Structure formats: C-alpha cells, structure tokens
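There's a structure below that I have some questions on.
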Amino acid sequence: MKKVVKFGGSSLADAKQFEKVGRIIKSDESRVYVIPSAPGKRFSGDTKVTDMLIKAYQIAVNGGDLHQQLLDIKARYNEIIEGLQLDFSLDDEFETIEKNLKEDPTLDYAASRGEYLNGHVMAKYLDYEFIDPFDVIFFNEEGNLNTYKTEKVLSQRLAETPKAVIPGFYGRGKDGKIKTFSRGGSDVTGSIVAGACGADVYENWTDVSGFLVADPRIVDHPKSIDTITYRELRELSYMGASVLHEDAIFPVRSKGIPINIRNTNRPDDAGTWIVESTARKPQYMITGIAGKKGFCAVDITKALMNSEVGFGRKVLQAFEDHGINFEHMPSGIDTMTIVVHEDEFLDKEQQVVSEIHRLTHPDSIEIQPDLALIAVVGRGMKSAYGTSGRIFSALAHARVNVRMIDQGSSELNIIIGVDEKDFEKAIRAIYDIFVMTQL
C-alpha cells in the first residue's frame, strides 16, 4: 500500500497543526509522499503566507524596501519551527528570496516560496527527503503541465526515494523560471505525485470532512457525501463547489487512483471518496447542489432557424470573435439562448449583438441580466422518474420562477437558471425536497 497525502494551508497554519499532521502521517506507514501547502490563516483576520509573499513581490516591483515584510514572513515560520522544537533555520533561504526579489521579481516565484519553505520545515520535522518540484514538474510553452516529461522525471525520482516531501503549487516553466498552478494548485501537485508513483490512494487533507451536498453558507448543516464519481465532481466543482481544485482529478483519473478528502482536525472521519465509478448507491437521489451568480442570457429568435444550416455556428462565432466563452446553449425550434458571464459580456454586448445581426439576421435579440445558475448533480438521477418535476415543484412551492432549464444527455446533471435574488432560496428548496423530505 502506498499513499500520497496533501495537507492544505489551514492544516499547517501553526506548530499545533503541524503536530496533528505529523501524528496522521506517522499513524500509517503507507503515507510515504507528503505535499504541503503554505501556512494558512491561524485565526479569523489573519493573513495567509502566500498573500504576504505576494505583498513582498508588489513592494519589490514598486522599488520599496521589502526587508521588513520578509522578516514578518520569517517570523511565521520561526514560530512553527520553535513550536516544534526543531534545530533548524531558514535564514539562508530568506536571504536568497530577498536577493532574487530585488534582482528579478516575478509573481510566480514570490507566490511559490510559501510551499517551498513549508516543505523544508515539513521534511525536517518528518525526517523525510525534500524534493523540489522545480526539478521534477514541468510546464510547456503554453503554460500547461508537460505531462510526459513530468511523469518520466518524477516517477524515476520517486522510485529512488522511499519517503519524501514535495511542496505543492509550482514547477519549472519552459523559460527555466518558477511557474505556478492557479491558487489551490497544491491539490494538483498531489495528484501528479500520486499518478507518477502509482499510489493506491491520494489523501487530500483539509479543514472539512469531505464534500457536502450543498454550500453550508446557504444550507444549515448540510449532509456529507460518502462517495462521488470524478464526473460528478467535475460538474459540482465547475459550478462553485471548491473543496478540491477542479484540475486535480486528471492525473489520477486515467490510472484509477481514488481520492479521499479528509479532515485534519477530525482524522477519524471517513471523509469523501472520489472514484471513477462505483456500484454504491447514493444515499439520496442527488449527489450534490452547487451554483453561481453573475450570468446573463442572450435570447435569439428567428423563424425556421432549425432548418438553416450553420446558424448555431454563426451565433457562436460572434461570441468567439470577441473572446467570450459561453456556458450553456439551450434551444428550441425558433429560439436559441446563449448563457455567458455577465462581467465578460457587458463591455462588448453591443458589438456582439451587431455581429449576430450581421451574420444571422435574427428576428429579435433580447438580453436578460442577473441570472444565477444552479447545478443539480447525481448519478442516481439516471434511474429515477420525475427528477425535473420534483425540482419544478419545489421551486414553485418556494415561489421561485425558473428562467431556464438545461439537461445533458448523460442525465448526470440538470442546470436551472433563476433570478439572482432567488438563488439561495432555490438551493434551499431543492435541498429540502431531495435530502430532508426525500419526496
């Protein structure tokens, strides 16, 4: 048995949290590769180390004196080192960081140093070998992961290293400089390491006991999800569920490696298992509910559009020409709706409308703002009758008007569009009918 374990920033915020992490790792000999994030917030109102490093970068770019800012960051690490009673110093590392930020400040370099430094502390604390991702994780010219080179180099290095700490979040760009993933990218690093070493399990430790059926900021004490498939996770992550970075599933999915989301502060909780497929029946008809605000719908009407070859392509070309991605495209015989992010669309709306008229000669175009999208996701919906009817019934009872509904052929998810003012009310209504009353 071989496990890769990733710990988030809240799990490593101070010495006490480090000790919890140490006990978790040492309680299971199969936890051989550890991916740490940078220290997170110790308390409400605190600042994450990564944000402190980004501020240091901004000071350097503006020609200011960043020495005091780096001293404040070093104090965070010294507090952890002293709390763990380690005979260890990061003085040389901070001298190098200050020198590099003065001579050639880059945002990716600055942002990556939180994980880099925490990796050194963790390696010393566990007595594991330290592996710098700069030497084993590579990006291509487009800034995307170079999967082939990374897996080749990393798998060979891990085969020679029985136990190691590999900091998350960054690697080496094609230009030979530090390159980071997007925020939360330590999840992706853990997945890459799990895939490269052929792990049996990738454990992702955070401050919650897995995924919840709905956002706890909207629904009071929502139920937890025991098992979720990669496809369900993608749908929920895309619509705002943020326990795991949405790109973290790709390196393990192709190798059938399950992900286990665990809680550092409640290590006995089973958490959520993320798997490729499962015979386990979900506890409820739905697996989860997630959503986002900030959309608008562009309704295009033209008689007999369905018989006009290339009509849809021409409409989408108008959006593409102005660099606007579309989210959903429900359509009828004489109507087509393009759902887009409102903040991307507003400054270009009239240019897009003019181009749609020029390319397709529609009868009318109407723009509907202030749209929220809600995804109801679940593998259990495939074999169930009346899912859409239950959703409509719940929303009607809550006096929520449905502005749009879109269901893919996989029957894995249903997207509902509602007014932004009804967003939270709609999620609570859907949760109640599928989870609380299970009608």
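The values are calculated or read from the model by the stated rules, or taken from the named source; none is laboratory data. These numbers were taken from a predicted model, which means no experiment stands behind them. Glycine gets a Cβ as well: all are built from the backbone with ideal geometry, and neighbour counts include every protein chain shown. Areas reflect the complete protein model, heavy atoms only, side chains present, ligands, DNA and RNA absent. Shrake-Rupley method; radii C 1.70, N 1.55, O 1.52, S 1.80 Å.
How much of the accessible area of the chain, in percent, comes from carbon and sulfur atoms when a 1.4 Å probe is used?
On the way: 9400 of 20460 Å².
The value for the chain is 46 percent carbon and sulfur by accessible area.
Label-point separation (nm) for Thr437 and Ala159, each offset 7 Å from Cα along Cα-to-Cβ?
Going from the Thr437 label point to the Ala159 one covers 6.0 nm.
How large is the charge dipole for the chain, taken about the Cα centre, if only the Cβ atoms of Lys, Arg (+1) and Asp, Glu (-1) carry charge, to the nearest 20 debye?
Numbers: 52 positive and 65 negative charges, 267 e Å.
The calculation lands at about 1280 debye.
Moving on to the next point. Using alpha carbon centroids, what distance separates the range 122-183 and the range 192-252, in Å?
After rounding, the separation between the Cα centres reads 22 Å.
Let me ask something else about it. ³J(HN,Hα) across the range 163-172 via Karplus (A = 6.51, B = -1.76, C = 1.60, θ = phi - 60°), whole Hz, x for Gly/Pro?
9, 8, 10, 10, x, x, 5, 8, x, 10
Another question, then. Specify whether the C-alpha gyration tensor of the range 1-150 places it in the rounded, prolate or oblate class, a ≥ b ≥ c being the square roots of the eigenvalues: rounded for a/c under 1.5, otherwise prolate if a/b is larger than b/c and oblate if not.
The shape class here is oblate.
Counting pairs of alpha carbon atoms under 8 Å apart in space and at least six apart in sequence, what relative contact order in percent does the chain give?
It comes to 13 percent, rounded to a whole number.
Right, next: What is the magnitude of the charge dipole of the range 154-224 about its Cα centre, with +1 placed on the Cβ of each Lys and Arg, -1 on the Cβ of each Asp and Glu, and no other charges, expressed in debye to the nearest 20?
400 debye
Compute the angle between helix 311-320 and the longest alpha-carbon principal axis of the chain, please, reported from 0 to 90 degrees and rounded to the nearest 10.
Its long axis makes an angle of about 40 degrees.
Still on this structure: What do you get for the angle between helix 107-126 and the principal long axis of the chain? Use alpha-carbon atoms, 0 to 90 degrees, nearest ten.
50 degrees
How large is the accessible surface per residue of the range 154-311, computed with a 1.4 Å probe and reported in Å² as a whole number? Can you show the working numbers first?
Values: 6750 Å² over 158 residues.
I get 43 Å² per residue for this part.
Now a separate question. For Val243, list long-range residues whose amide hydrogen, built 1.01 Å from N in the peptide plane, is under 5 Å from its own amide hydrogen.
The list, which skips near neighbours in sequence, is empty: none.
Taking the Cα centre as origin and putting +1 on Lys and Arg beta-carbons and -1 on Asp and Glu beta-carbons, what dipole magnitude results for the range 288-404, to the nearest 20 debye?
The dipole of the range 288-404 has a size of about 740 debye.
Right, here's the next one. Roughly what % antiparallel, to the nearest 5, for the DSSP beta bridges in the chain?
DSSP beta bridges in the chain are roughly 65 percent antiparallel.
Further question: Once you list every other residue whose beta carbon is under 11 Å from the beta carbon of Leu158, what net charge do they have if Lys and Arg are +1 and Asp and Glu are -1?
So the surrounding residues net to 0.
Please turn the phi angles of the range 87-102 into ³J(HN,Hα) values with the Karplus equation 6.51 cos²θ - 1.76 cosθ + 1.60 (θ = phi - 60°), one per residue in order, whole Hz, x for glycine and proline.
So the J values, rounded to whole Hz, are 8, 7, 9, 9, 4, 4, 5, 5, 4, 5, 4, 4, 4, 5, 5, 6.
Using a Förster radius of 25 Å, what is the FRET efficiency between Asp135 and Lys20 based on their Cβ-Cβ separation? Nearest 0.05, please.
On the way: r = 29 Å, r/R0 = 1.17.
Once the sixth-power term is evaluated, E becomes 0.30.
Using a Förster distance of 30 Å, how high is the FRET efficiency between Ser89 and Asp127, based on the Cβ-Cβ distance and rounded to 0.05?
Here the calculated transfer efficiency is 0.95.
In nanometres, what is the gap between the two model label sites at Asn325 and Ala303, each 7 Å from Cα along Cα-to-Cβ?
Placing both labels 7 Å along Cα→Cβ, they lie 3.8 nm apart.
What residues qualify as long-range amide H neighbours of Thr227, i.e. H under 5 Å apart, gap of 5 or more or another chain, H built at 1.01 Å from N?
Here the answer is Trp273, since their amide H atoms fall under 5 Å of that of Thr227.
Quick one: length gained pulling Lys55 to His397 fully straight, 0.36 nm per residue minus the C-alpha distance?
Stretched out fully, the Lys55 to His397 stretch lengthens by 118.2 nm.
While we're here: Taking K and R as +1 and D and E as -1, what net charge do the other residues with C-beta under 9 Å from the C-beta of Thr335 add up to?
Computed value for this residue: -1.
For the peptides 113-119, 200-206, 274-280, what is the packing order when you average, over each peptide's residues, the other Cβ atoms within 10 Å and list the highest mean first?
Working: 113-119: 26.7, 200-206: 22.9, 274-280: 14.4.
Going by the mean number of other Cβ atoms within 10 Å, highest first, we get 113-119, 200-206, 274-280.
Quick one, which of (1) 30.1; (2) 20.8; (3) 24.0 is the actual mean projected area of the Cα convex hull in nm² calculated for this model?
After the calculation, the listed value that fits is (3).
At 7 Å along Cα-to-Cβ for each site, give me the label-to-label distance between Glu276 and Leu346 in nm.
So the label points at Glu276 and Leu346 sit 4.5 nm apart.
Among Val352, Ala318, Ile415, flag the residue with its Cα farthest along the positive direction of the charge dipole of the range 298-425, charges on Cβ as +1 for Lys/Arg and -1 for Asp/Glu.
Final value for the positive-end residue is Ile415.
Which parts of the range 309-346 would a label at His361 reach, counting a residue when its backbone N lies under 14 Å from a point 7 Å out along Cα-to-Cβ?
In the range 309-346, the label zone of His361 (backbone N under 14 Å from the point 7 Å along Cα→Cβ) covers 309, 311.
From the phi of every residue in the range 219-235, what ³J(HN,Hα) in whole Hz does the Karplus formula 6.51 cos²θ - 1.76 cosθ + 1.60 yield, where θ is phi - 60° and glycine or proline is x?
Residue by residue, the range 219-235 yields 10, 5, 6, x, 5, 8, 9, 6, 9, 9, 8, 4, 5, 5, 4, 4, 4 Hz.
While we're here: Amide H neighbours of Arg403 under 5 Å, at least 5 residues apart or on other chains, H built in the peptide plane: list them.
Gly417, Val418, Asp419
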